[in-house]
Amino acid sequence: NTVAFYDNLYAGKYDVGGQLLDWDYEEGRTEWYARVAAEPAFKCSGKLLDIGCGMGGLLAALPQRRDLKLFGVDFSPVAIERVRQRVRGSFEVANVETLPFPSRSFDCVVSTETLEHVDREQRVLCEMARVLKPGGTMFLTVPEKDHDLQDHDWPRGHRMPIDPVPI
């Protein structure tokens, strides 16, 4: 979960005991990105923030729309360089525990496959809630089954329902 590890992955290399093997980070993920992009949460308009956007695979899967402005943050400079090359929007290297945006800035906040990689997921969830506009939509996915947050760990003291619901 270090920046150097992910910089290598995004640059097409997987470090196995100091040996860098060729690696395609997005191989086999195109269908998953398309399925996620079809979720109702992505029908929002205004400003959408992808937290832990990586190389922008999910954002690239979204249909281009004039009423939706895309933003993203990631801790990897390599990922941000790649997403800037493939997706129209505003992307920057940032710490997801202290997002560089004013409160209530985004109509939709998205984070897929990120929370299981951070040390302080409660802090990240609070930051997501902070930058989300009232009535906005938050969409999260977490693949790790052992990453089980309790109700009191979530902003506002409750888990989000499975279906995206404005909060």
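The values are calculated or read from the model by the stated rules, or taken from the named source; none is laboratory data. All values reported here derive from a predicted model rather than from experimental measurement. For neighbour counting, all protein chains shown are included, and Cβ atoms are generated from backbone atoms with ideal geometry for every residue, glycine included. All accessible areas refer to the heavy atoms of the entire protein, side chains included, with ligands and DNA or RNA removed. Shrake-Rupley method; radii C 1.70, N 1.55, O 1.52, S 1.80 Å.
Can you find, within segment 31-84, the residue that is nearest to the chain's Cα centre (by Cα) among those that are of a type in the set (D, E, K, R) and crowded, with 24+ Cβ neighbours inside 10 Å? Result: ASP50.
Checked against the criteria, SER90 counts as open to solvent by less than 80 Å² (accessible area, probe 1.4 Å), in contact with a strand residue (DSSP E or B) (Cβ under 6 Å, 6 or more places away or on another chain) and more than 25 Å from PHE5 (Cβ to Cβ). In segment 40-69, which residues are in contact with a helix residue (DSSP H, G or I) (Cβ under 6 Å, 6 or more places away or on another chain), more than 16 Å from MET128 (Cβ to Cβ) and not in a loop (DSSP other than H, G, I, E, B)? Once the filter is applied, which keeps residues that are in contact with a helix residue (DSSP H, G or I) (Cβ under 6 Å, 6 or more places away or on another chain), more than 16 Å from MET128 (Cβ to Cβ) and not in a loop (DSSP other than H, G, I, E, B), segment 40-69 yields GLY57, ALA60, ALA61.
Listed conditions (1) under 21 Å from PRO100 (Cα atoms); (2) in contact with a Gly (Cβ under 9 Å, 6 or more places away or on another chain) are all met by ASP67, apart from (1).
Out of all the residues in segment 1-39, which are touching a residue at least 12 places away in the same chain (Cβ under 8 Å), part of a loop (DSSP other than H, G, I, E, B) and among the acidic types (Asp, Glu)? Those that are touching a residue at least 12 places away in the same chain (Cβ under 8 Å), part of a loop (DSSP other than H, G, I, E, B) and among the acidic types (Asp, Glu): ASP24, GLU26, GLU39. Residues in segment 121-136 include at least one that is in contact (Cβ under 8 Å) with a residue 12 or more places away in the chain and within 16 Å of ASN1 (Cα to Cα). Tell me whether segment 140-161 contains one or more residues that are modelled with pLDDT of 90 or more, out of contact with any His (no Cβ under 6 Å at 6 or more places or on another chain) and open to solvent by 20 Å² or more (accessible area, probe 1.4 Å). Yes: segment 140-161 contains one or more residues that are modelled with pLDDT of 90 or more, out of contact with any His (no Cβ under 6 Å at 6 or more places or on another chain) and open to solvent by 20 Å² or more (accessible area, probe 1.4 Å). Quick check on this structure: which one of VAL87, VAL110, VAL165 is at pLDDT below 85 and of a type in the set (A, V, I, L, M)? Just one listed residue meets the conditions, VAL165. When segment 93-139 is examined, which residues are found to be assigned to a loop (DSSP other than H, G, I, E, B), of a type in the set (Gly, Ala, Ser) and surrounded by fewer than 16 Cβ atoms within 10 Å (Cβ to Cβ)? Across segment 93-139, the qualifying residue is only SER103.
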